Amino acid sequence: MKFNELFDQEEHDFMIKECLFQLWSHSDDLMFIVAVEENGEFSLYDNNAASRIAMGIEPNKIYHRNRIRDMFPEEIVEGFYSTYREAITSRKPISIEQYTVNDGKDLFYNTLLVPIFDEQDNPAFICGISHETTKIKTAEKMAVEAGEKLKEYNVGLKQINDNLDAKVRERTAALELAKAELEEALEAKSSFVARMSHEIRTPINAVIGLSDLALNTSPNHKEQQDYLQKIRDSGDILLSLVNNVLDFSKIEAGKLTAESVRFSTEKLIRTTVNMNVFGAYAKKLELVTDIADDIPEYLLGDPLRIQQILVNLVSNAIKFTESGSIVIRLRCNKLDGENILLQCEVTDSGIGISSTQLEQLFCPFTQADNSVTRVYGGTGLGLTITRQLCELMNGEIKVESDVGKGSTFTVLLPLKVPTLQPKNAAIDSANMLKALVVDDHPLSRDILAKLLASFGIESTCVGSGWEAIDAIHQSDQSGVAFDVVFMDWQMPGIDGIETSKKIKNLFKELAPPILMISAYEKHHIQPHLDTGIIRQFIEKPIGKSTLFDAINQFFNIEKIAISNKKIAPIPQLSDFHILLVEDNLINQQVALGYLKSTGVQVDCAENGKIAIDKIKGTQYDLILMDIQMPVMDGLTASAIIRGMDLGYELPIIAMTAHTSPEDKEKSLSAGMNNHIPKPIPSDLLYKTLSNYLISNKKNRKADAELLPVKPALNDKLSMLFKISSLEAGKAIDSLKNDTSIYLKIVRSFWTQYTSLLEDPNTRFLTLDNRNLLNDIHSLKSNAAYIGAQDIFKDCVVIERKLLKNEYVDGSLLDAVISKLSILLTALNLVFDQIEYKDIDSRINLKSTLRKVLPLLEQSDFKVENYFHALHHKSMNTQYSEDITQIIQNITDIEYEQAAKLVRQLLVKLPGS
């Protein structure tokens, strides 16, 4: 069809009509035209095919103005008429909803009616189009019905929720009641277990103690000795079982908590080994430790719990291993800058565990199988406690095992790393040393060689005594002799002692010095130390710091030996009376053996406290003082002695295996005059005694004449002048000789810093202290005022480093704390008098006890942090025995009894 270029109205109208006609012919909607008759009736003028089909009329039938009333039932007609009239009345198109039924089906239509008027404005036609909406209506109906159902369901759901809430409340109340009953039952059980453990341990301790006493009487018959030893061993087993049950009960009751403190990894392993060494020795097992180089020397965690885990695993490994070795390995994975995952492995070569038995291994009161309990003993609580301790510290424990080949227990613990670690120590001329390592255990050889290499020492490793002799012979022939031999003691075929004897006999003066290594029975090696066959003893496990100390000590002794090639004559000291303070009986015998030939009169004391008591009753010319001793160590004893008003000069000579510059500085700071290393070189001992006894005796008179005459001093000032670490005279001079002001300043210093050191919750002189610079500056000034020059100098060094943001080694702070503690101990004797005790000390002691009591009531292990404060505040008072008894009960984990004693003492003590 061709359209005109310009608009043509006739053409346009024609096209619209043509399109409408096509819609009329083909649309599925019902289209119709109703004529308005004159008598008010309506007739069907025409309708399209779709409409005709719906009405049942043949599509092609021709009809004209059929009466509506003749085509439909009366009730339908009236409905049509009503809608037609409505359209005419409205005079505009209207839309209506219509409903009909066809073949029993409901049909819905939406109908548009358009009225048509003629030229006289009379209604002529009504045009209509109906669109079926049955589906829409059905959907609407379904939606309405669904809505009604939803309302019904919501009502039902609300009722169900209300009922459920009521049931939940009832169940919650029942659970809370059950929980309360369970907690009450657990509390009752824990209390019962604690009381029973006390009741049981009391007779067990008696069994162990009396068995020891009986064994010490040397029973005449081996059979009696065997019976007593078995009673003693059974007592140890019973005590271990009771402790396990008590730990299990505490964990179950939730009374154990993990703390986070700084601890040494090497010391942790050493303590673990020491607690198991005799069990391993009894079965001739090799205990090997392997600590990775990348593990920090210090970590933050709960060392007591970690040690408990390791001790448990190692003791189990020993129990289930008849021959071979136990290996303790430490590895770590860095999580970030401040956190690591510590991996502790304990591997044994024992009986192993089957896969079936592994499933029940960590269950309470369960062992690998029933026969294990009969053969090896135990309650099966150890591994349960170990797992729970791991979980307490957010860690885990795993095990791998093959029957007959042994087991490996792996503990993974997340720990923090302190910001500052000690710097790696260096050994002078270490890279010039060549060492021979003799050990039958391959892993032990490798570990020792690796540690020596970390110090720059080249080593050759062999696995037996005979191989060691061959290696020394070959080294001599090659012209590159060994400088030192690290010799294991327990080896098959020929042990370390026999090997050492043969080396001495074969190579004479060319024999290299031998350092004996063993974890067992040091006293068996002592005679060979005395004869010089063995130069030094090193205790297993060998850690880095242990080896460092041993090599340094070896160097010192060798230097002394070189510098004293001429044997000094034995001095005659029969005119003198000295005091030997040494807790080790073997060391006492060695020292007494050397001293016997001098003719000197010797008294012995087993610790610093006994030494002080002896000094009060006897005037000695010199003291030989060990450092590490129970009850009271040598440093503390020396500081106290220097604070005593003896009225005469008393040299104190340190006698110890600790020979580093730091150790010597500590000895001098405590008031000691000199330092003799162990093992004791006889020449050095004789020379030192001669210098301080014979030479000093000749010079005393001349020295007395040269001493300046001091002004008359009261008792306290006299005591202050005797403290070696205080330059009291210079301090008083700087105060224009005002002694009263000086006394007040020293007393204020003592009061301020004693309280800081005694309170375990006070952060003082630590690298974590944000106010460290201020505290160091304050201590520096205060130390200068009272004349504590050593402390002042150390503070100057630390303050400069802090101001320059330089690295501050934690050992510098430790040295200041040590010197400060020694000074304060001496000042205690000056200011801690009876009248002061009667007023202040009892109040301070009462305050400390009030802090201790709630910790005891909660069975909190942190109570042990207050031991020093309790001991110090009760010293020289009538309450010292009460405090000793309280501390002993805490040590024995008798918290209930300790709390009872604390309450009784609080009643006795005066003060608010």
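We did not get these values from a lab; they are worked out from the coordinates using the rules stated. Note that the structure is a prediction, hence the values are computed from the model and not measured. We place every Cβ from the backbone using ideal geometry, glycine too, and count neighbours over all the protein chains shown.
To make sure I understand, if each residue's beta carbon is the centre and we count other beta carbons within 10 Å, what order do 466, 750 fall in, fewest to most? Exposure proxy ranking, most exposed first: 466, 750. Temperature 20 °C, viscosity 1.002 mPa s: under these conditions the Stokes-Einstein estimate for the stretch 1-158, based on its Kirkwood radius over C-alpha pairs, is 116 µm² per second. Counting only Cα atoms, the size of the stretch 260-416 along its three principal axes is 47, 31, 23 Å, in decreasing order.
Projection of the Cα convex hull of the stretch 284-343, averaged over all directions and equal to a quarter of that hull's surface, yields 4.7 nm². Can you list the residues, at least 5 places off or on another chain, whose amide H is less than 5 Å from the amide H of residue 519, using H built in the peptide plane? Sorted by chain and number, the residues that satisfy this are 540.
Between residue 354 and residue 739, the distance separating the two model label sites (each 7 Å from Cα on the Cα→Cβ line) works out to 8.7 nm. Hydrodynamic estimate: the Kirkwood radius of the stretch 430-563 over Cα pairs, inserted into Stokes-Einstein at 10 °C and 1.306 mPa s, corresponds to D of 108 µm²/s. The residue list 154, 123, 138 was ranked by how far each Cα lies along the charge dipole of the stretch 111-156 toward its positive end, using unit charges on Cβ atoms, and 154 comes out on top. Note: relative contact order over the stretch 278-366, using C-alpha pairs below 8 Å and six or more positions apart, is 30 percent. Using θ = phi - 60° in the Karplus curve 6.51 cos²θ - 1.76 cosθ + 1.60, the 3J(HN,Hα) couplings for the stretch 538-551 round to 10, 8, 7, x, 8, x, 5, 5, 4, 5, 4, 4, 5, 5 Hz; x is entered for Gly and Pro.
Relative to the current alpha-carbon distance between residue 75 and residue 888, full extension at 0.36 nm per residue lengthens the span by 281.5 nm.
Identify the residues of the stretch 43-77 with backbone N under 16 Å of a label point that sits 7 angstrom from the Cα of residue 17 along the Cα-to-Cβ direction, or state none. Zone members listed by number: none at all. A Förster distance of 30 Å, applied to the separation of the beta-carbon atoms of residue 90 and residue 39, puts the FRET efficiency at 0.85.
Under the criterion of Cα pairs below 8 Å and six or more residues apart, the relative contact order for the stretch 260-416 equals 23 percent.
Sorting 817, 615, 551 by the number of Cβ atoms found within 10 Å of their own Cβ, with the fewest placed first, yields 817, 615, 551.
Placing dummy labels 7 Å off each Cα toward the beta-carbon, the span from residue 283 to residue 648 is 5.8 nm.
The calculated FRET efficiency for residue 149 paired with residue 106, based on their beta-carbon distance and R0 = 25 Å, is about 0.75. Across the stretch 385-394, computed HN-Hα scalar couplings (Karplus, 6.51 cos²θ - 1.76 cosθ + 1.60, θ = phi - 60°) run 5, 4, 4, 5, 5, 4, 5, 4, 9, 6 Hz from first to last residue, x flagging Gly and Pro. Checking the Cα-Cα distances for 616/687; 267/780; 416/862; 158/179; 502/544; 334/398 against a 22 Å cut-off, the pairs over it are 616/687; 267/780; 158/179; 502/544.
Distance between the modelled labels on residue 67 and residue 338, one decimal in nanometres: 10.4 nm (7 Å Cα→Cβ projection). Geometric descriptor of the stretch 102-175, per residue, is 146 Å³ (volume of the convex hull of the Cα atoms).
Scanning residues 5 or more positions from residue 326 or on other chains, those with amide H under 5 Å from its amide H are 286, 287, 288, with H placed 1.01 Å from N in the peptide plane.
Note that the stretch 311-316 has calculated 3J(HN,Hα) couplings of 4, 4, 5, 5, 5, 4 Hz, one per residue in order, obtained from phi through the Karplus relation 6.51 cos²θ - 1.76 cosθ + 1.60 (θ = phi - 60°); glycine and proline are x. Stretched out straight at 0.36 nm per residue, the stretch from residue 751 to residue 628 would grow longer than its current Cα-Cα span by 41.5 nm.
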